[in-house]
Amino acid sequence: MTVSRYRPVAGTARYDRLADEMGQRLGRGINFGNALDVQREGERGFRLEEPHFDTVKKAGFDTIRLPVKWSAHTDETPPYAIDPEFFGRVDWAVDNALGRDLNVVLNVHHYDQFCDAPEEHMARFLALWRQIATRYADCSGRLYFELLNEPRDPMTAKPWNDVLPKALTAVRESNPSRFVIAGSAQANHIDALPELELPEDDRVIVMVHYYSPFEFTHQGADWLAGADRWLGTTWGGEADQYAVRRDLTKAAAWAKQQNRQLFVGEFGAYSKADMASRSRWTTFVRSEAERLDMSWAYWEFGSDFGAYDPQRNTWREPLRQALLGK
Ligand code: BGC
């Protein structure tokens with residue numbers, strides 16, 4: 001087996017420190033989705049504010065996943081500079097989370113042109129990561145970098161496996177030991193795990209997203225043509241539970257065999273599903289993930305899957321309980 005150049009040497013202080021951190025878990029998280037991951041902040045009816053960080057911390061979450069659509073705020077030509085004002089807004093969010101001892105998963109979200117034309121956008125994508133990684137290099141180990149949300153067709157497993165070592169190298173230039181998260185292809189699908197080829201680096205955590213059964217979790221989704229025909233789909237029978245358990249067990253077996261931590265970076269059911277089913281599904285997925293030793297982040301906090309109602313400033317109690325218990 002090749003030894004990673006980031007692998008610390010046993011018996012040294014660095015080894016002990018890293019061994020401690022390896023025990024550090026993302027734990028229970030929530031996505032601040034539809035906030036900084038849209039074209040223009042606010043366009044999905046949600047705007048991130050400072051009290052939201054307190055709300056999440058007080059509820060007992062460990063982690064905030066912060067999806068960011070950098071590509072909407074970055075020059076199209078070299079050196080592909082990120083807009084300083086937008087960078088400042090991301091700084092604000094990262095600082096607010098780290099300042100409350102929350103872990104932050106900072107990613108590149110909705111870079112659709114990159115998935116559509118990987119070769120054409122490669123230099124811009126890597127330039128993004130060089131800028132992001134350098135900017136946050138001194139942040140605490142609670143900050144995690146997630147390389148790309150949901151690689152999808154035509155960015156299939158093969159091109160994605162080619163991107164991974166390049167992106168990781170761009171990060172490692174300034175962040176030799178930070179935890180990095182890499183998802184599977186097919187929009188981080190569990191079925192794409194066997195095709196994922198990870199660079200030799202023991203500080204890479206693997207991410208999957210879980211939205212099965214899709215016709216339940218995405219019923220009535222207004223961005224999906226035909227999703228209205230799924231309205232009224234409920235969830236909770238024995239066969240439903242069996243299917244979720246089977247999927248997550250498969251993922252856990254892969255992770256064990258690969259000796260990787262697994263993070264369910266998104267799971268959730270859209271607001272048009274009935275609340276009783278949403279609550280049952282969320283409870284079941286969350287507790288199965290925990291039983292199988294996976295960290296997780298619910299999709300999402302205050303928008304159309306929202307566990308929290310930002311207009312009324314209250315948690316949607318059945319969802320909060322599904323995630324965190326009584
Ligand atoms: C996307 C969201 C979408 C969610 C559920 C996320 O990765 O960014 O726009 O609502 O998945 O489909």
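If you go through the range 254-302 and keep only what is within 13 Å of the ligand (Cβ to nearest atom) and of a type in the set (Phe, Trp, Tyr), you end up with Phe267, Tyr270, Tyr298, Trp299, Phe301. Checked against the criterion of being in contact with a Leu (Cβ under 6 Å, 6 or more places away or on another chain), assigned to a loop (DSSP other than H, G, I, E, B) and more than 19 Å from Asp293 (Cα to Cα), the range 184-199 has at least one qualifying residue.
When you check Thr234 against the structure, is it open to solvent by 20 Å² or more (accessible area, probe 1.4 Å) and more than 30 Å from Asp201 (Cα to Cα), yes or no? In short, yes. Given Glu200, Glu215, which one is of a type outside the set (Lys, Arg), within 16 Å of the ligand (Cβ to nearest atom), surrounded by fewer than 19 Cβ atoms within 10 Å (Cβ to Cβ) and in contact (Cβ under 8 Å) with a residue 12 or more places away in the chain? Going through Glu200, Glu215 in turn, the sole match is Glu215. Can you tell me which residue is nearest to the ligand (Cβ to nearest atom) among those in the range 64-117 that are in a helix (DSSP H, G or I) and touching a Pro at 6+ places or on another chain (Cβ under 8 Å)? Looking at residues that are in a helix (DSSP H, G or I) and touching a Pro at 6+ places or on another chain (Cβ under 8 Å), I get Cys115. Restricting attention to the range 237-268 and to residues that are touching a helix residue (DSSP H, G or I) at 6+ places or on another chain (Cβ under 9 Å) and aromatic (Phe, Trp, Tyr), the residue that is least open to solvent (accessible area, probe 1.4 Å) turns out to be Phe267.
If you scan the range 269-316, which residues turn out to be in a loop (DSSP other than H, G, I, E, B) and open to solvent by 50 Å² or more (accessible area, probe 1.4 Å)?
Hits for the range 269-316 are Ser271, Lys272, Asp274, Asp293, Gln311, Arg312, Asn313, Arg316.
Among the residues of the range 143-159, those identified as away from the ligand (no atom under 16 Å from the Cβ) and crowded, with 19+ Cβ neighbours inside 10 Å are Leu143, Tyr144, Phe145.
The values are calculated or read from the model by the stated rules, or taken from the named source; none is laboratory data. Computed from a predicted model, the values in this text were never measured in an experiment. Don't worry about glycine lacking a Cβ; one is built from the backbone with ideal geometry, like all the others, and counts go over all protein chains shown. Calculation scope for accessible area: heavy atoms of the full protein, side chains included, ligands and nucleic acids excluded. Shrake-Rupley method; radii C 1.70, N 1.55, O 1.52, S 1.80 Å.
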